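Here the structure is laid out as structure tokens; the discussion comes afterwards.
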Amino acid sequence: MTIVFYGARQAGCIALLTLLAKGHAVPLVIPADELVAGLAERLGLPAARPVSINAPDSLERLRALRPDLLVCCHGPEIFRPLLLALPRLGCVNLHPCLSGYPGARAVERFLAAGGTRASVGAHRMTEVVDGGPVLAEQFVDARGCRTPVEIYNRLYPLYSTVLVDALAAAQP
């Protein structure tokens, strides 16, 4: 598949590396931070740092690429309907603690609630933030974790396996 990637942080790096490891064409990386920007540069991938992924110039660039899918992992922007409609197979978002904590600061809310079973989920993006159909989700025991770093250290391996499962589910 031809996949445009939008993301940030360590989880974004894991997702981008997973796409490449599975042999997908990534004609454009839209990094939301310097970590993903640096990885794209080291890998020789075209990267664009738009003011906004929803900006007209970003939409035109994506329209010209005609990607099959847009994958988002820790991208901070909410996608507008025009962006959601561009890829042939839509947009997929990877999210920590999706089933219980959609929205921002999910891991922090999970910890504050005393959660013991953390997850990484992937869903189709819709106009309802984190409200699209779940394509894949995997859980891990988070008992004993007291900080977001400890939770993420348990979740990082799931980003890759959940993404692989979600890509299989996203294809017709």
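The values are calculated or read from the model by the stated rules, or taken from the named source; none is laboratory data. Note that the structure is predicted; figures quoted are calculated from it, not measured. Positions of Cβ are generated from backbone atoms using ideal geometry, with glycine treated the same way; all protein chains shown enter the neighbour counts.
Just one of the numbered conditions (1) in contact with a strand residue (DSSP E or B) (Cβ under 9 Å, 6 or more places away or on another chain); (2) exposed (fewer than 15 other Cβ atoms within 10 Å of the Cβ); (3) at pLDDT below 95 is not true of ASP130: (2). Looking at region 48-55, can you tell me whether even one residue there is buried (at least 18 other Cβ atoms within 10 Å of the Cβ), touching a residue at least 24 places away in the same chain (Cβ under 8 Å) and under 22 Å from LEU158 (Cβ atoms)? No, the conditions are met nowhere in region 48-55.
When region 151-164 is filtered for residues that are farther than 14 Å from LEU16 by Cβ and either of a type in the set (Gly, Ala, Ser) or surrounded by 15 or more Cβ atoms within 10 Å (Cβ to Cβ) (or both), the ones remaining, listed by number, are ILE151, TYR152, ARG154, LEU155, LEU158, VAL162.
Of all residues in region 21-42, none that is within 19 Å of ALA64 (Cβ to Cβ) and assigned to a loop (DSSP other than H, G, I, E, B) has its Cβ atom under 9 Å from the Cβ atom of a residue that is modelled with pLDDT of 95 or more and of a type in the set (Phe, Trp, Tyr), 6 or more apart or on another chain. Which numbered condition in (1) farther than 18 Å from GLY121 by Cβ; (2) touching an Asp or Glu at 6+ places or on another chain (Cβ under 9 Å); (3) crowded, with 17+ Cβ neighbours inside 10 Å is the only one that LEU39 fails? So LEU39 meets the others, but not (2).
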